[in-house]
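Each remark here refers to the structure printed beneath this line.
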Amino acid sequence: MSIRIHRPSACLGAAYFLAALLATLSMAARANEPAAATLRALAPTLSVGDVVFIRVAARPFREVAAATGSWTNHVGIVIDVSGAEPLIAESTFPLSRTTTLSKFVARSEGGRVAVARLKAPLTSEQQQRVVAAAERRNGVFYDTGFDLHSRRQFCSRYVREVMAEATGIRLGEVETFATLLSRQPQTELGFWRVWYFGQIPWQRETVTPASLLHSPELAPVFDGTVV
C-alpha cells in the first residue's frame, strides 16, 4: 500500500478549511468558550503522527475517565491523510485496527475531541515509521486488564508504543493502579473490584489516555467539539 504523507500545499480547498478552523478557534478563545469545528474543517489540519483523543460513552470507558480525573478515555493516532479523510490507528475491542476519522469521532460522547502533536515536527521518515509501527500492531486482541506488559493491547499503550518505536519518544507516564487511584481518592472502587473478579491488581503497571493527553512532549492542535 502506497501512502502519501503530505498534502499538496497549493490545495485551495484545504487552505480554505484551515483558515475557517483557525478563525473558529480564535473566536472561541476570545469568548472563553470551547472550540467547535466541522469534521470537514478539522480533517485538513491533521498530519501523520497526530494523537486524537475522544470520550467513549460505554460504562468501562466512563469508569476509566473517572479513575483518571479526565474527560478522555480513548485515544488513537493518525496514520494517513492522503485519502478522502484521515485514517486513525487504534486499539479497540475486539482487535486493533484502522478507522476513518469520521467513524472515530462519531463514537465520542457529545462530539468532544482533542488533537495533539509532537512539539518537534516529524520528518517524512518518522511519519513512515509511525505507519509501519501501527500496521505491525493491527489485529491484536484488546487487553481488558489494561496491563502494560501483557501480550494484548489497549488504546493508550498502543499509541505510546507506536510513537516510541517511530520516534524514540515515550508519551504518558507509566504508573501502578495504586498510584493512579490514589490521585483520585473519590473513585468508586466497586466497579473495578467486579471488573477484576474481586481483586484489583494494585501493583500492575499501566498508562492512560489522560496521561498521554498531558504529555509535555505534545502541543495542542484542537480541543473542543466536532459538529
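The values are calculated or read from the model by the stated rules, or taken from the named source; none is laboratory data. Predicted model only: the values in this text are computed from it and were never measured. Glycine also receives a Cβ, built like all others from the backbone with ideal geometry; neighbour counts cover every protein chain displayed.
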Within the stretch 35-82, residues of a type outside the set (D, E, K, R), in contact (Cβ under 8 Å) with a residue 60 or more places away in the chain, within 25 Å of E217 (Cα to Cα) and in a loop (DSSP other than H, G, I, E, B) come out as L46, S47, V48, G49, G69, S70, T72, N73, V81
Looking across the stretch 165-190 at residues that are part of a helix (DSSP H, G or I) and aliphatic (A, V, I, L, M), the single one that is surrounded by the fewest Cβ atoms within 10 Å (Cβ to Cβ) is A178
Among (1) assigned to a helix (DSSP H, G or I); (2) charged (D, E, K, R); (3) in contact (Cβ under 8 Å) with a residue 12 or more places away in the chain, which single condition is E85 missing? (1)
Members of the stretch 66-95 that are among the small types (G, A, S) and crowded, with 21+ Cβ neighbours inside 10 Å: A67, G76, A89, S91
Hey, among V56, V48, V52, which residue is in contact with a Lys or Arg (Cβ under 8 Å, 6 or more places away or on another chain), surrounded by 18 or more Cβ atoms within 10 Å (Cβ to Cβ) and closer than 29 Å to R129 by Cα? V56
Among all residue pairs at least 6 apart or on different chains, which show Cβ distances below 6 Å where the first residue, located in the stretch 187-213, is touching a residue at least 60 places away in the same chain (Cβ under 8 Å) and the second is surrounded by 16 or more Cβ atoms within 10 Å (Cβ to Cβ) and part of a helix (DSSP H, G or I)? T187/A67; T187/L181; F191/E63; T208/T68; T208/S156; P209/S156; A210/T68; L212/S156
Quick test for you: out of E125, E109, pick the one residue that is surrounded by fewer than 23 Cβ atoms within 10 Å (Cβ to Cβ) and assigned to a strand (DSSP E or B). E109
Looking only at residues in the stretch 128-151 that are part of a loop (DSSP other than H, G, I, E, B) and of a type in the set (S, T, N, Q), which one is farthest from the chain's Cα centre (by Cα)? S150
Every residue in the stretch 212-227 that is more than 11 Å from V51 (Cβ to Cβ), in a loop (DSSP other than H, G, I, E, B) and at pLDDT 95 or above, please. H214, P216
